[in-house]
Amino acid sequence: MNETQSPLTQTTYGLINADCYAEKQEYSDITDWSSASSLSLATIASLTRGYNLNHLMDQFTAWYARGDYTADRSVQLSDRTTIRSIEHYMINHDPFSSGSNQTEDVDDGALLRIMPAVLFLNTEYGDDFVVDDPAMLILHQITGLTHNQPVALIANGIYAMFVNQLLAQVTPVDALESAIDTAYDYYSKHQVFQNSLSAFNQLNTPDFKHTHVTELTASNQVTDTLTACIWIILNAESYQDALSKCNQLAGDPQTLLPLVGSTAALLFEPDQAAMASVNKNGLNQVKRILTAGNRSHRFKRYNPFY
């Protein structure tokens, strides 16, 4: 098994392809991916060197200010919470105070970029990282660089617990059950999170897999994105089927698609057709970042599904 079969490589290509697919739906002629992919690439590049919040925020700043981690060196749009957090960091240079803790700032920007951090923590701390306080603190700190609100932190925690089970070859249905049990047990013990757990009640329902599609929404809100993504993964029969299911939901699937593509790539071979319009320099940049990431051994190396 080689580097092209690592979870890092598979999920990154799954993310970028779905991201480009989403961009093509909105703009017929695209040459770049969106901020979801750019900030994920920035996260990989930083964690390849080890865990350092200042360095990670410096990479986010380089993306925002110079167009680093984009395919065509362009300045991209992103959710307002991410932009405000980066601007705050550029003034204060303090990663611990950069992220918003405002109740209304619960968009999905941090969720869309969190997969590399999950793979990093799974490698550094093992399969039990989801109940390891130091590891979960790192997950929350990486999330909190931009989104430091309890609902956003819990959402990334539940997603990490779900992905952690998929990496262990647990079926998606059982992975969700384990993730929800672990999350409610873990977060109910921490007072700062207790009142926010109710935001995830839809996921904590019997037979969630058979929830009717009309009960789901595609939006940029983190609970909507997390809930819809997990429902799609539970019901998808292939990578392309997962992307297609995004378009069955009410709302705007554009921000949902990258997360679905990244997650589906843990189960199915991701295609890269939508990436064909990206320029060669952009794709070479992706390959360089992934090669360095795989060789660093800081990310789970092989994908058991291949």
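The values are calculated or read from the model by the stated rules, or taken from the named source; none is laboratory data. Remember, predicted model here, so these are calculated numbers, not experimental data. All Cβ positions, even for glycine, are placed from backbone atoms using ideal geometry, and neighbour counts span all protein chains on display. Ligands, DNA and RNA are excluded from the accessible area calculation, which covers all protein heavy atoms including side chains. Shrake-Rupley method; radii C 1.70, N 1.55, O 1.52, S 1.80 Å.
Can you work out the Karplus-derived ³J(HN,Hα) for every residue in the stretch 59-71? Use 6.51 cos²θ - 1.76 cosθ + 1.60 with θ = phi - 60°, whole Hz, and x for glycine or proline.
Once θ is set to phi - 60°, the couplings for the stretch 59-71 become 5, 4, 5, 5, 5, 5, 8, 10, x, 4, 6, 9, 7 Hz.
Could you pull out every residue, at least 5 positions away or on a different chain, whose amide H is within less than 5 Å of the one on residue 107? Hs are placed 1.01 Å off N in the peptide plane, and Pro or chain starts have none.
222
Given a Förster radius of 35 Å and the C-beta distance between residue 188 and residue 234 as r, what FRET efficiency does 1/(1 + (r/R0)^6) yield to the nearest 0.05?
Numbers: r = 24 Å, r/R0 = 0.69.
Efficiency computed from Cβ-Cβ geometry: 0.90.
Please give the charge dipole size of the stretch 72-159, origin at the Cα centre, charges +1 on K and R Cβ atoms and -1 on D and E Cβ atoms. Round to the nearest 20 debye.
Working: 4 positive and 13 negative charges, 61 e Å.
Using only the charged Cβ atoms, the result is roughly 300 debye.
What distance in nm lies between label points placed 7 Å from Cα along the C-beta direction at residue 168 and residue 250?
Modelled inter-label distance: 3.6 nm.
Given all pairs of different Cα atoms, what value in angstroms does the Kirkwood hydrodynamic radius of the stretch 217-306 take? Write down the numbers at each step before the final one.
On the way: mean 1/r = 0.0687 Å⁻¹.
One decimal place: 14.5 Å for the Kirkwood radius.
Out of 187, 159, 217, whose Cα points farthest toward the positive end of the dipole of the stretch 149-252 (charges: +1 Lys, Arg; -1 Asp, Glu; placed on Cβ)?
About the Cα centre, the residue reaching furthest to the positive side is 187.
If Rh is defined by the Kirkwood formula over all Cα pairs and Rg also comes from Cα, what ratio Rg/Rh do you get for the chain?
Values: Rg = 17.5 Å, Rh = 18.9 Å.
Value, to two decimals: 0.93.
What is the percent carbon and sulfur in the accessible area of the stretch 36-96, measuring with a 1.4 Å probe over the protein chains and ignoring ligands? Don't jump to the answer; show the numbers that get you there.
Working: 1360 of 2610 Å².
Roughly 52 percent of what the probe reaches on the stretch 36-96 is carbon or sulfur.
Just to verify a number: what accessible area does residue 55 come out at with the full protein assembly present, 1.4 Å probe, Å² rounded to tens?
Looks like 40 Å² after rounding.
Collect residues whose amide H, placed 1.01 Å from N in the peptide plane, falls under 5 Å from the amide H of residue 147; neighbours closer than 5 in sequence don't count.
Sorted by chain and number, the residues that satisfy this are 100.
Rounded, prolate or oblate: which one fits the stretch 174-271, using the alpha carbon gyration tensor with axes a ≥ b ≥ c (rounded when a/c is under 1.5, else prolate when a/b beats b/c, else oblate)?
On the way: a/c = 1.95, a/b = 1.63, b/c = 1.20.
The shape class here is prolate.
Given charges of +1 on the Cβ of Lys and Arg and -1 on the Cβ of Asp and Glu, with all other atoms neutral, how large is the dipole of the stretch 125-241 about its Cα centre, in debye to the nearest 20? Before the final figure, lay out each step's value.
Working: 2 positive and 13 negative charges, 70 e Å.
Magnitude of the dipole: close to 340 debye.
How high is the relative contact order of the stretch 51-153? Use alpha-carbon pairs under 8 Å, at least six apart in sequence, and give a whole percent. Provide the component values of the computation, followed by the final result.
Values: 116 pairs, mean separation 31.8, N = 103.
The normalised contact order for the stretch 51-153 reaches 31 percent.
For the charge dipole of the chain, defined by +1 on Lys and Arg C-beta atoms and -1 on Asp and Glu C-beta atoms about the Cα centroid, which residue among 246, 116, 282 has the Cα displaced farthest towards the positive pole?
My answer, from the dipole projection, is 282.
Order of 175-184, 153-162, 61-70 by packing, highest average Cβ count within 10 Å first? Present the calculation step by step, with values, prior to reporting the outcome.
Working: 175-184: 19.5, 153-162: 26.0, 61-70: 18.0.
Result, highest mean Cβ count within 10 Å first: 153-162, 175-184, 61-70.
Enter the accessible area per residue of the stretch 101-169 (Å², integer; probe 1.4 Å; all protein chains in place). Could the numbers behind the result be given before it?
Numbers: 1840 Å² over 69 residues.
For the stretch 101-169, the solvent-accessible area averages 27 Å² per residue.
Can you pull the accessible area of residue 24 for me, 1.4 Å probe, Å² to the nearest 10?
My reading of the accessible area for residue 24 is about 90 Å².
Given +1 on the Cβ of Lys and Arg, -1 on the Cβ of Asp and Glu, and no further charges, what dipole in debye does the chain carry about its Cα centre, rounded to the nearest 20? Mind showing how you got there, number by number?
Working: 17 positive and 33 negative charges, 189 e Å.
In total the dipole reaches around 900 debye.
With a Cα-only, solvent-free Debye model of the stretch 34-139, what are the log10 I(q)/I(0) values at q = 0.13, 0.18 Å⁻¹?
Values returned for q = 0.13, 0.18 Å⁻¹ are -0.48, -0.91.
Pairs of alpha-carbon atoms within less than 8 angstrom and 6+ residues apart define the contacts here; what relative contact order does the chain have, in percent?
On the way: 529 pairs, mean separation 95.5, N = 306.
Computed value for the chain: 31 percent relative contact order.
With all protein chains present, how much of the accessible area of the stretch 211-267 (probe radius 1.4 Å) comes from carbon and sulfur, to the nearest whole percent?
Details: 780 of 1770 Å².
C and S fraction of accessible area: 44 percent.
Order of 126-133, 12-19 by packing, highest average Cβ count within 10 Å first? Can you show the working numbers first?
Values: 126-133: 14.5, 12-19: 28.2.
Order by mean packing, descending: 12-19, 126-133.
Compare the Cα positions of 175, 100, 141 along the charge dipole of the chain (+1 at Cβ of Lys, Arg; -1 at Cβ of Asp, Glu; about the Cα centre) and return the one farthest towards the positive end.
Positive-most Cα among the choices belongs to 141.
Cross-link partners among lysines for residue 24, C-alpha distance below 20 Å, same-chain residues fewer than 8 apart left out?
Correct list for residue 24: 245, 280.
Nearest 0.05, what FRET efficiency do residue 205 and residue 137 give at R0 = 30 Å with Cβ-Cβ as r? Mind showing how you got there, number by number?
Details: r = 29 Å, r/R0 = 0.97.
Calculated value: 0.55.
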